[in-house]
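Structure, as structure tokens:
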Amino acid sequence: MDRIDQVNRIITGAIDSHAHTGPGIFDRVGDSIDIARQARAYGMRAIVLKCHQGITSDRAILVNKVVPDINVYGGVVLNQYVGGINPHAVEIAIRFGAKIIWMPTQWAQHHINVFGQPEYKHMKQTSAVANLPIKGITVLDENGQLTFETKLVLEVIKKNNVALATGHLAKNEIKILIDEASKMGIKKIILTHVTFTELWNWSIEEQKELIKKGTTIEHVAVYSFKNRFLVSVKEVAHMIKEVGYENVLISSDCGQLKLPSPPEGIRLFINMLLDEGIEEDALHYMLKDSHIRLLGLGS
């Protein structure tokens, strides 16, 4: 079997639910129109735009008008730029067509505890408000319970049947959040980029416990590439085999400078996973079926 044909067959109709595109607060390899055009050229079915500064579902509406023959979706990341855990931001993002609601990323208190500020070690930015006190975001109150605003956000997510993604919260926050979401009957839960080992390490047993509560494990391409390497593809393949591919979502999380674009990241990651013994049927499922379910798309 020709490997190029096999990779092309897998990427045709694939979906990337974690694509970083410009404009954004970090420089990207391409803007949302550029990346949508490239994804279309690769034969992909859809991409979901993610930006740490907040809402992308409004941007997706415009990209869809400019780039036909591919579906572009958005969501919202609940960082300080939209007021943090803000049910109003969630509602308006959904009215624009949001498919994923991400909990705080760079503004999560856990992220700030690890990196020292709402940035990354490899992405230093200057800010006009750098001298203001940095207040990280948590979903828990002083008693370790979910805040009122967080519960409202979960209510909005449930009502509209969109996906909840855990962002960069601490592990204890994520577990409490998923417990409550599961009890509420939220069916679309994503454990965001499980191999972001600078923030945490998730054991196979912990992943399986979250799967029992309806969580899908997201593996992303970016952390297995040079210039952002955190985990070997061999380790990724092992995790997938242990938890079962039916419980896994593959996205790129790409778009950073000096790294592949989101569509190219997907293409390269497919090839790497095939080398590690992940079967073609499993890749089709993780790149198509999982996304279709979580985004609420028709087959």
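Of the conditions (1) touching a residue at least 24 places away in the same chain (Cβ under 8 Å); (2) closer than 27 Å to Thr166 by Cβ; (3) not polar (S, T, N, Q), His88 fails just one. Which one is it?
Here His88 meets the rest and fails (1).
Quick one: count up the residues across the range 255-277 that are more than 22 Å from Arg37 (Cβ to Cβ) and surrounded by 21 or more Cβ atoms within 10 Å (Cβ to Cβ).
1
Determine which member of the set Ile47, Ile35 is surrounded by 21 or more Cβ atoms within 10 Å (Cβ to Cβ), of a type in the set (Val, Ile, Thr) and assigned to a helix (DSSP H, G or I).
Answer to the selection: Ile35.
Just to verify a result, which residue in the range 64-98, among those that are buried (at least 24 other Cβ atoms within 10 Å of the Cβ) and not in a strand (DSSP E or B), is modelled with the lowest pLDDT?
Asn79
Please determine whether any residue of the range 182-196 is surrounded by fewer than 17 Cβ atoms within 10 Å (Cβ to Cβ) and farther than 23 Å from Thr147 by Cα.
Initial filter on the range 182-196 (surrounded by fewer than 17 Cβ atoms within 10 Å (Cβ to Cβ)): 182-185, 187.
When the remaining residues are screened for being farther than 23 Å from Thr147 by Cα, the result is none.
For the range 182-196, residues surrounded by fewer than 17 Cβ atoms within 10 Å (Cβ to Cβ) and farther than 23 Å from Thr147 by Cα: absent.
Where residues in the range 239-254 are in contact with a strand residue (DSSP E or B) (Cβ under 6 Å, 6 or more places away or on another chain) and small (Gly, Ala, Ser), which of them is surrounded by the fewest Cβ atoms within 10 Å (Cβ to Cβ)?
The residue in question is Ser252.
Is there a residue being without any contact (Cβ under 8 Å) to a residue 60 or more places away in the chain, buried (at least 24 other Cβ atoms within 10 Å of the Cβ) and either β-branched (Val, Ile, Thr) or not in a loop (DSSP other than H, G, I, E, B) (or both) anywhere in the range 9-18?
No - not one qualifying residue is present in the range 9-18.
Considering Thr197, Thr150, which residue is part of a loop (DSSP other than H, G, I, E, B) and of a type outside the set (Phe, Trp, Tyr)? Even if it seems obvious, please write down each step before you answer.
On the way: Thr150 fails: part of a loop (DSSP other than H, G, I, E, B).
Residue meeting the stated conditions: Thr197.
What pairs can you find where one residue is in the range 157-174 and at negative phi, the other is in a loop (DSSP other than H, G, I, E, B) and of a type in the set (Phe, Trp, Tyr), and their Cβ atoms are less than 7 Å apart, with a gap of 6+ or different chains?
Lys171/Trp200
I'd like to check which helices (runs of 4 or more DSSP H) are fully inside the range 224-299 and have at least 2 residues that are touching an Asp or Glu at 6+ places or on another chain (Cβ under 8 Å) and at pLDDT below 95. Talk me through it step by step, then tell me what you get.
Working: elements: 233-243, 262-275, 280-284, 290-295.
Result: empty, no element qualifies.
The values are calculated or read from the model by the stated rules, or taken from the named source; none is laboratory data. Just so we're clear, the structure is a prediction, and the values are computed from it rather than from any experiment. Note: ideal-geometry Cβ built from the backbone for every residue, glycine included; neighbour counts use all protein chains shown.
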